[in-house]
Amino acid sequence: MVCLLRGGAEQRVLISCIAVAYDPLDPNGNITIKWDVLSWTPDGYVATVTINNFQTYRQIMAPGWTVGWTWAKREVIWSMVGAQATEQGDCSKFKANLPHSCKRTPAVVDLLPGVPYNQQIANCCRGGVVSAYGQDPSGAVSSFQVSVGQAGTTNRTVKVPKNFTLLGPGPGYTCGPAKVVPSTVFLTADHRRKTQALMTWNVTCTYSQHLASKYPTCCVSFSSFYNDTIVPCAKCACGCEHKTCARSEPDSKRLMSASGKSSAHAVTAVRGHVNRQSAAPLLQCTTHMCPVRVHWHVKLNYHDYWRAKVTVTNFNYRTNYTGWTLVAQHPNLDNITEVFSFDYKPVVSYGSINDTALFYGMKFFNDQLMEAGPYGNVQSEVLMRKDASTFTFRQGWAFPRKIYFNGDECRMPPPDSYPYLPNSAPASLVSSASVVVAFLVLLMA
């Protein structure tokens, strides 16, 4: 957060503070909303609006995005394809054909899958769900078409909208002003002809975890084969204030039924469909009170390799995390040999520095992290080749420096609590296989 101060060194007055959306592991990540004016109408224009997610590991989950803005003049939305405005507003001055929306500050949401074909365009109608670019580039885009009336009909008379907002699906995004850019060039289906938009403007939106939530939304715990200590998530790592929790699955069903807002049956008025994430989280009672815990276990040590097991557990009875992502930062992630049940991509943000990995579920296998309960976890093991010049088990080196889940940084345990080597152990432990062989030789002697 950056604060603006006024005055001398002794008497400074705080003017304002603004949240700075900068992610050191994804410095160029943003969501860009592009408007392409494709044709003029008698009182306005038809534009295709494209939402491009250029964030490497942060997606937009259900119930999806909501885009809002303020019209510069008295524009109205005559019609939309691939999306809809949540409110029509006051259209009483129109006598014949009524506009789709007369709101000066419309809020637009994506349509649901399965709508009639005449209401669809390319990259629409996924319920507002947009994948992370690093996970699925083809799914990291969403589009709709809008016909605007009472607007300009030339490049000089069109006024771009202002005060753009983006919910994805909750708060956290800040959008800059719309900027007119060179018109987009399109290729025809046969790739033999180019066409061009009549006018194009872009809006860039960036994410700040501090704006999205007061507390972290996940925490990290550690364990290892060389120490019996299990380092849990910190107490109240995600805040314990005003949180409802259930001690068991039957208890969670009773609480959801009593509240009358069970996420499995809650109907979202804006979208008019069942939405499992519209209600407040109902967490399993834990000391950390986090919706998600990531556990890193240093499992095995070989001569040239070592293995870590990663387990992600969901403690939220009201949320399934579909298309989840996990990012880990560790110096040995530049030498991954095999990931056993997750998909993996390196995250190289700074040239040759390759210490960050993006993990996500395999399609139709474990790409959905189920709600809290017996199936509410996913796990994998990571096999890494040792670098003799850096590898050690001392001083917590084998544990990650940072963990992100769904783009949000998780609360790490304090460094002085990490599992430590026994005093008699060497810096590089003998391999587990060697220990077993030596033990069998002693038994046979």
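Using only alpha carbons, build the gyration tensor for the stretch 302-352 and give me the equivalent ellipsoid semi-axes, biggest first, whole Å. Kindly include the intermediate steps, with their values, before the conclusion.
Details: eigenvalues 133, 53, 18 Å².
Sorted largest first and rounded, they come to 26, 16, 9 Å.
Got a sec to turn the phi values of the stretch 148-163 into Karplus ³J(HN,Hα) couplings, 6.51 cos²θ - 1.76 cosθ + 1.60 with θ = phi - 60°, whole Hz, x for Gly and Pro?
Running phi through 6.51 cos²θ - 1.76 cosθ + 1.60 with θ = phi - 60° gives 9, x, 6, 10, x, 10, 9, 4, 7, 9, 6, 10, 6, x, 9, 6 Hz.
Label 7 Å along Cα→Cβ of T70; the stretch 142-183 residues with amide nitrogen under 18 Å?
Under 18 Å, as judged by backbone N against the label point of T70, lie 159-167, 174-179 of the stretch 142-183.
Of all accessible surface on the stretch 31-211 at a 1.4 Å probe, what whole percent is carbon and sulfur?
Working: 4560 of 8590 Å².
In the stretch 31-211, the share of accessible area belonging to carbon and sulfur is 53 percent.
List every residue whose amide H lies under 5 Å from the amide H of D367, counting only residues 5 or more places away in sequence or on a different chain, with H placed 1.01 Å from N in the peptide plane.
For D367, the qualifying residues are M362.
What are the ³J(HN,Hα) couplings of the stretch 58-74, residue after residue, when phi is run through the Karplus curve with 6.51, -1.76, 1.60 and θ = phi - 60°? Round to Hz, x for glycine and proline.
Once rounded to whole Hz, the list reads 10, 9, 10, 8, 5, x, x, 6, 9, 10, x, 7, 10, 5, 6, 10, 10.
Please work out the C-alpha center-to-center distance from the stretch 200-230 to the stretch 34-71 and express it in whole Å.
Cα centroid to Cα centroid, the span is 27 Å.
What's the lysine pair count for the stretch 31-211 at a Cα cut-off below 24 Å, pairs eight or more apart or interchain?
21
Just the C-alpha atoms of the stretch 31-211: what Rg/Rh do they give, with Rh taken as the Kirkwood radius?
Values: Rg = 16.1 Å, Rh = 16.9 Å.
Rg/Rh for the stretch 31-211 comes to 0.95.
Can you tell me how the stretch 277-414 classifies by the Cα gyration tensor, rounded, prolate or oblate, using a/c under 1.5 as the rounded cut?
Since a/c reaches 1.5 and a/b is larger than b/c, the shape of the stretch 277-414 is classed as prolate.
Can you list residues from other chains, or at least 5 along the same chain, whose modelled amide H is less than 5 Å from the amide H of F54?
Correct list: N30, I31, T32.
Accessible area per residue, 1.4 Å probe, Å², for the stretch 195-241: what's the number? Working shown, then result.
Details: 2090 Å² over 47 residues.
Heavy-atom accessible area per residue stands at 44 Å².
Based on the alpha-carbon gyration tensor of the stretch 134-218 and its eigenvalue square roots a ≥ b ≥ c, which shape applies: rounded if a/c is under 1.5, prolate if not and a/b is larger than b/c, or oblate? Don't skip to the end; give the middle numbers.
Numbers: a/c = 2.91, a/b = 1.51, b/c = 1.93.
In terms of gyration-tensor shape, oblate.
By per-residue mean of other Cβ atoms within 10 Å, what is the highest-first order of 55-67, 86-98, 122-134? Could the numbers behind the result be given before it?
Details: 55-67: 24.2, 86-98: 11.0, 122-134: 21.2.
Highest to lowest by the protection proxy: 55-67, 122-134, 86-98.
If you average the alpha carbon positions of the stretch 375-406 and of the stretch 89-120, how far apart do those two centres end up, in angstrom?
Using only Cα atoms, the two centres lie 50 Å from each other.
The stretch 105-158: D in µm²/s via Stokes-Einstein (Kirkwood Rh, Cα pairs, 37 °C, 0.692 mPa s)? Could the numbers behind the result be given before it?
Numbers: Rh = 13.3 Å.
Roughly 246 µm²/s, to the nearest whole number.
For the stretch 343-353, in order, what is each residue's ³J(HN,Hα) by Karplus, 6.51 cos²θ - 1.76 cosθ + 1.60 with θ = phi - 60°, in whole Hz (x at glycine and Pro)?
7, 9, 9, x, 10, 10, 8, 10, x, 8, 7
Which order do T390, T184 take when ranked by solvent-accessible area (1.4 Å probe, heavy atoms of all protein chains), largest first?
Values: T390 70, T184 25 Å².
So the residues, ranked largest to smallest area, are T390, T184.
The values are calculated or read from the model by the stated rules, or taken from the named source; none is laboratory data. What you see is a predicted model, and the numbers here were worked out from it, not measured in a lab. When we count neighbours, we look across all protein chains shown, and the Cβ atoms used for this are built from the backbone with ideal geometry, even at glycine. With ligands, DNA and RNA removed, areas are computed over all heavy atoms of the protein, side chains included. Shrake-Rupley method; radii C 1.70, N 1.55, O 1.52, S 1.80 Å.
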